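Working notes, beginning with the structure itself.
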Amino acid sequence: MSQIGIIAQREYLQRVRSRAFIIATALGPILMLLVLAIPIVMAIFSRDDSTRVIAVVDQSGEVAELLSFPDNFRIEQTTAPVDTLRSRVDGGQLEGYLILPDDLVSGAGEARYYSRGGGGILLNEQIADAVRAGVREARILRAGAPAAVLEIMKERVPVRMIQLTDEGERADSTQVLAVFGYFMGFLIYLCVILYGAIVMRGVIEEKTSRISELIASSAKPFDLMMGKVLGIGAMGLTQWLIWIGAGIGLSAAAAALVAGVLPDGAFPTDGAVAGGGAAPVNPIAELMPDIPLMFPVYFILFFLGGYLLYSSLMAAIGSAVEQEADAQQFMWIVIMPLILPMVMIVNVMSAPDGLVATVMSLIPLFSPIVMVVRMAATNVPWWEVWLSLILLAGAFLLAIWISSRIYRVGILSYGKKPTFKELARWMRQA
Amino acid sequence: MLLVSGVTKQYRDTLAVDDVSLSASPGRILGLLGPNGAGKTTTIRMIAYITTPDQGTVTFNGQNVGPWSQRVMGYLPEERGLYRRMKVGEQLEYLGRLKGLARADASRAAKSWLERFDASEWWSKRVDELSKGMQQKVQFVSTVLHDPELLIFDEPFSGLDPINADLLQSVILDLKDQGKTILFASHRMEQVEQLCDDICMIASGRIVLDGSVREIKQSFGRDTVKIEFAGSADFIDSLEQAERIRVVTRTHQAVELRLLDSTTPRHVLDAAMQHVDEIFRFEVVEPPLNEIFISVVGESTARAKQAAHHQGVRG
């Protein structure tokens, strides 16, 4: 077995058999369920089904009947003076009051809604939508348009985007595809936090336990770094496979359980609550089958590449510092390149074949996230995908090499906190 | 045969090793001597292929050192360390495999070495459960278990109690008899004197003296006097004040002193006879290595270095 293999094997076996691994593997899904459950529970509790009582003072006399509010609104038409309404709002009997002036339909005036402001953006939007629709209808009626026109105005017109690809047509799901980018970014981030940190700590431990000099007389630092990153990577994969296996079993049980417990409509579908702002009703199930067959394979390849690259950067940070606390000053090396493509996802989606998206999808630190979004959004030529993968692999080797250079000098000079300038020198002199 | 020729290593603003050449032969122990900071460890690291020299070459059996030589070399660094949470047996197997042994061979060798150190029952103990001295033995086993041709021990006795130090010394002499090439670095001159066949003194990155211990000592001649006596020791002080001698070691009723300039042994004996009540021993001997070292690098620098070193060790 090669040195890398021996080192990776030790890293893997030592860690997989450790109590920490067993506990983390057992508790992981419980924590994840909690993390998943919290937004759902919050959505249930934050969803305000209480009846909103709103007074409407309709000075125009023709709009109020045309207003249509969601079911939980109770509308109270009134002519009571503003002072009375105001005191009722202060007293809590009214959510607020809406004043529709005389000249609103003619286009001169503006509707005003007075409240203490506790209803949130959603409530305000609902009121504004209702008023706009009502006034529009009143104007159409005033113009003497036939009832048919009114019906036409109220109709929803379905529009569907179809993308032409080499394999034929598929639904254009650009907005949904952003999910893949965010998911990839999140996944890499999570793994760097979970396992990259272990790599970093392992490298630091190598130095604090003073074994590094003994190891350096038996193996090349490059092999040591490579073995560590691969061994700990394999440990991470093992953990995920256990979780996925357990998850498939658990989710079946959990789905049944959740379905029984939650009231109907607990999952908001109007896109306003759960953050799926751009997504229409349940689009993922509808669109998933249109993703090309090879996509999951590339997704996994880019994930592995990204994860290995970022872990080896963590190894480099570990090589540069004496103790974990000192690592903070270098963490941006890992955080910044992860955040940048996440911020750029919207741009990449809007022009997936543009120059920025193309270049970013080839740059190793960004490509795992950007290329996955591009591949979902458009038809990326195969050679670009493979070029990106090869560059990613090259960057991984380079990062391991850099970290081994830093390590080699780092072990020879105990107790010094290096600056960036010194690190550059270390790389040259090692 | 280990051959270091014209090796130089520069660290930013210090010249750690300056044109050092030395050789070590199979079946002999070469002592690398000098205070800490003299360049011993840097030289050793270049031999162990942990760093590479800026200039010069290091060869073992005629070939440049590299990954291949690491496999036939055992290195006990001054900075000791093992994986703390790993079991002793697994750890030794791992380190043996890194040196190219198959797992079964590494296991067998580790077991027999642990037996020799009377430590078989540590096999499945974690390293952090062991005492410092026990860890040191495990570390030594890791150095020798792959039966290396070249052995480098950097301060191997530090932290060992006398019994274990004796045990280790006999093991090292055994390895020498087996024809291994052994490099032994220390700043403890008396240990080097006991163990080494050849020495190489290094100070401020340069070799100041090398050769066989026997020849070096002979070349310095018999200029040291050992006296055991009873009674007043005033004669020592007055001789020292007159700069006729320098005291090497001194206890209540025994002294070892070095003759300076034209002082003869007889001169010292005369002085002693006039003061002491009785003389039990008077012997003219070769100077200890420590004295030779001081003569070579100059008294002031040597004293300064040793003082600095002692402070460094305590601090």
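The values are calculated or read from the model by the stated rules, or taken from the named source; none is laboratory data. Model, not experiment: these values are computed from the prediction. Reconstructed Cβ throughout: ideal geometry from the backbone, glycine too, with neighbour counts over all protein chains shown. Side chains included, ligands, DNA and RNA excluded: accessible areas come from the protein's heavy atoms. Shrake-Rupley method; radii C 1.70, N 1.55, O 1.52, S 1.80 Å.
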- Write down the percent of antiparallel bridges among all DSSP beta bridges whose residues are both part of region B:108-235, to the nearest 5. 55
- Message: Going by Cα centres, region B:157-232 and region A:344-377 are how many Å apart?
- Response: 68
- Query: Which residue fluctuates the most in chain B, going by a Gaussian network model with Cα springs under 10 Å, if the choices are B:Val141, B:Val248, B:Val213?
  - Reply: B:Val248
- Please report, in Å, the Rg and the Dmax of the protein assembly as shown, where both are computed over Cα atoms only. 40.4, 143
- Using 0.36 nm per residue, how much length does the chain from B:Thr251 to B:Asp237 gain when fully extended, once their Cα-Cα distance is taken away? 3.7 nm
- Message: Whole-Hz ³J(HN,Hα) for each residue in region A:180-193, computed from phi via Karplus 6.51 cos²θ - 1.76 cosθ + 1.60 with θ = phi - 60°, x for glycine and proline: what do you get?
- Response: 4, x, 5, 4, 4, x, 5, 4, 5, 4, 4, 5, 5, 5
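How would you rank A:16-23, B:152-159, A:81-88, highest first, on the average number of other Cβ atoms within 10 Å across their residues? Please report the intermediate quantities before stating the final value.
Values: A:16-23: 11.2, B:152-159: 21.0, A:81-88: 13.2.
Taking the mean over residues of other Cβ atoms within 10 Å, the ranking is B:152-159, A:81-88, A:16-23.
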- Message: What's the ranking of B:35-45, A:369-379, A:383-393 by average number of surrounding C-beta atoms within 10 Å, highest first?
- Response: A:369-379, B:35-45, A:383-393
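Could you compute Rg(Cα) / (2.2 N^0.38 Å) for region A:52-154, with N its residue count? Can you show the working numbers first?
Values: Rg = 14.1 Å, N = 103, 2.2 N^0.38 = 12.8 Å.
For region A:52-154, the normalised Cα radius of gyration comes out at 1.10.
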- Query: What does the helix-only formula give at 222 nm for chain B: each DSSP H stretch with n ≥ 4 adding -39500 (n - 2.57), the total divided by the residues, and the result rounded to the nearest 500 deg cm²/dmol?
  - Reply: -12000 deg cm²/dmol
- Query: Who wins for biggest fluctuation among B:Leu32, B:Leu151, B:Leu22 in a Gaussian network model of chain B, springs between alpha carbons below 10 Å?
  - Reply: B:Leu22
- Within 10 Å of the Cβ of an average residue in B:25-36, the count of other chain Cβ atoms is 0
- Message: How much of the DSSP bridge set in region A:52-154 is antiparallel, in percent, rounded to the nearest 5?
- Response: 30
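For the protein assembly as shown, give the share of DSSP beta bridges that are antiparallel, in percent and rounded to the nearest 5; count only bridges with both residues there.
Numbers: 48 of 76 bridges.
Within the protein assembly as shown, antiparallel bridges account for around 65 percent of the total.
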- With springs only between Cα atoms under 10 Å, which of B:Gly96, B:Gly231, B:Gly74 fluctuates most in a Gaussian network model of chain B? B:Gly231
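Using only the C-alpha atoms of region B:222-285, find the volume of their convex hull and express it per residue in Å³. Before the final figure, lay out the partial values.
Working: hull volume 4.4 nm³, N = 64.
Here the figure is 68 Å³ per residue.
Peptide B:80-87: average number of partner chain Cβ atoms within 10 Å per residue? Show your work: numbers first, answer last.
Working: counts 5, 10, 4, 8, 4, 4, 4, 1.
Rounded to a whole number, the mean comes out at 5.
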- What is the spin-label model distance, in nm, from A:Arg136 to B:Ala104 if the labels are put 7 Å beyond Cα along the C-beta direction? 8.3
- Task: Pull up all non-local amide H partners of A:Ala219: gap of 5 or more, or a different chain, and H-to-H distance under 5 Å with H placed in the peptide plane.
- Result: none
- Task: Can you send over the solvent-accessible area of B:His267, 1.4 Å probe, protein chains only, in Å² to the nearest 10?
- Result: 70
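Return one whole number: the accessible area per residue of region B:1-126 in Å², for a 1.4 Å probe.
Values: 5180 Å² over 126 residues.
Each residue of region B:1-126 exposes 41 Å² on average to a 1.4 Å probe.
Can you give the accessible area buried between chains A and B, summed over both chains, with a 1.4 Å probe, in Å² to the nearest 100?
On the way: alone 24180 and 15630 Å², together 36930 Å².
What A and B bury together is about 2900 Å².
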- The distance between the Cα centres of region A:179-241 and region B:83-140, in whole Å, is 25
- Item | Loop-located GluC sites (Glu not before Pro) in region A:128-161, at most 16 other Cβ atoms within 10 Å (DSSP) | A:Glu155
